Amino acid sequence: MSLDAVSVAQEAWGSTPAGAVDRYTLSNGSGLRVSVLTYGGIVQSIEVPDRGGNTANVALGFASIQGYLDNPGPYFGAIIGRYGNRIAKGQFTIDGLAVQVPVNDGPNSLHGGTPGFDQRIWEATVTDDGALVLHHVSPDGDQGFPGTLWVTVTYRLTADNGLRIDYRATTDTATVVNLTNHSYFNLAGDGSGNVYDHVLRIDADAFTPVDATLIPTGEIAPVDGTPLDFRTPTAIGERIREDHTQLRYGSGYDHNWVLNNPEAGLRVVAHVAEPGTGRSLTVHTTEPGMQFYSGNFLTGTFAGASGHLYRQGDGLALETQHFPDSPNHPQFPTTELRPGQTYESTTVYEFGW
Ligand code: GLA
């Protein structure tokens, strides 16, 4: 694929109380088509062919802006910030400053407060080589976090049928930041049922065990001998009902895997294959961790773009990230960002068929 094959189309896509929303559709000319909203930077659909040439949308989401406004809870496809996943009791200390961010998930803070970056309108530009650049300035004190945060998230399609996401952020005061994307995938097609037959591999020898409120205990535990061992490809449904404390706490998989070889930078960390269609997803990231979430909190109370209700397990999220609650665990890779530094993170979701 040459870069000239990338095309980008823009269309108006409704409005929110915060303003009008646009949808940008990136096509690479060899079958991959990805639509992104300026609201939340949401990846609204990912169209991928199967081995027989039949195209389907493999990302969970809604057919209209109203769906996203009515159902922010699952964070379908959205940019998550300022802090992906949980901070215990919404509290941490940085440079002697005690910070309290809003608590929105039982006793804890989840995904950066209400509203987080998933509910903001991002400023969009398109580059000459077909990348969509989203920009947002989060003022000092936004979601309770110190410092102004200038954030840029760039979406582009790669020659290998990848959706590449580059995150950059700078600040004017010491703060913490942990950005991710909350796409849910169903490689058999959105609305086609659960993903338990998807075969998953995660290149991680360890994970961060959690307590009953899904806050890491601080331990880095081996996956060996647990249902969290995905070092060899295993169907998601094969062990999801095993009576293991961690699966009880998460109502399934909802954990941070400690990815191997963090020093290697951008590397392959996970692979998903759907036997029925032949579609696959390879995840590359620069991040040290990844939350594999098996859609446990989807309860059949709303319908997605396909018109079908989403039930438990109907999609899987692979959220590349720093570890949950890092600001309270000095032994975890740091999420601190200081003036003069640039937060940089890259993830590629590469599709095959
Ligand atoms: C993450 C969290 C889950 C849940 C989902 C969104 O994966 O770890 O507990 O909040 O986001 O529903």
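The values are calculated or read from the model by the stated rules, or taken from the named source; none is laboratory data. The structure presented is a predicted model; accordingly, all values stated were derived computationally and were not measured. Every residue, glycine as well, gets a Cβ built from its backbone with ideal geometry; the counts of neighbours run over all protein chains shown. When the accessible area is computed, the model is the full protein with side chains, heavy atoms only, and any ligands, DNA or RNA have been set aside. Shrake-Rupley method; radii C 1.70, N 1.55, O 1.52, S 1.80 Å.
Assorted remarks:
- Scanning region 86-109 for residues that are within 15 Å of the ligand (Cβ to nearest atom) and hydroxyl-bearing (Ser, Thr, Tyr) gives a single hit, Ser109.
- Residue match in region 257-270 (condition: in contact with a helix residue (DSSP H, G or I) (Cβ under 8 Å, 6 or more places away or on another chain) and surrounded by 18 or more Cβ atoms within 10 Å (Cβ to Cβ)): no
- Subset tally (residues that are open to solvent by less than 10 Å² (accessible area, probe 1.4 Å) and farther than 12 Å from Gly81 by Cβ) for region 131-156: 4
- For beta carbons closer than 6 Å, sequence separation of 6+ or different chains, a first residue in region 295-311 that is more than 11 Å from the ligand (Cβ to nearest atom) and a second that is open to solvent by 50 Å² or more (accessible area, probe 1.4 Å), the qualifying pairs are Gly300/Leu309; Gly300/Arg311; Ala303/Leu309; Ala305/Ala63.
- Put simply, of Thr282, Thr299 the only residue that is open to solvent by 20 Å² or more (accessible area, probe 1.4 Å), under 23 Å from Thr213 (Cβ atoms) and among the β-branched types (Val, Ile, Thr) is Thr299.
- Exactly one residue among Ala124, Ala98 is within 21 Å of the chain's Cα centre (by Cα) and modelled with pLDDT of 95 or more, and that residue is Ala124.
- Boolean, Glu350 is among the charged types (D, E, K, R), within 16 Å of the ligand (Cβ to nearest atom) and under 16 Å from the mean Cα position of the chain (by Cα): no
- The number of residues in region 273-290 that are touching a Phe, Trp or Tyr at 6+ places or on another chain (Cβ under 8 Å) and within 16 Å of the ligand (Cβ to nearest atom) comes to 3.
- Residues of region 201-227 that are under 19 Å from the mean Cα position of the chain (by Cα) and not in a strand (DSSP E or B): Asp203, Leu214, Ile215.
- Taking the conditions (1) away from the ligand (no atom under 16 Å from the Cβ); (2) assigned to a loop (DSSP other than H, G, I, E, B) in turn, Val48 satisfies each one other than (2).
- Condition check for Val177: within 16 Å of the ligand (Cβ to nearest atom) and closer than 26 Å to Gln143 by Cα: no
- Cross-chain or 6+ apart pairs with Cβ under 7 Å, region 223-247 first and under 18 Å from Gly315 (Cα atoms) and open to solvent by less than 30 Å² (accessible area, probe 1.4 Å), then among the polar types (S, T, N, Q) and at pLDDT 95 or above: Leu228/Gln246; Ile236/Ser294; Ile240/Ser294
- Options Gly116, Gly90: the member that is within 23 Å of Gln66 (Cβ to Cβ), in contact with a Gly (Cβ under 8 Å, 6 or more places away or on another chain) and open to solvent by less than 10 Å² (accessible area, probe 1.4 Å): Gly116
- Some residue of region 74-83 being in a loop (DSSP other than H, G, I, E, B) and away from the ligand (no atom under 12 Å from the Cβ): yes
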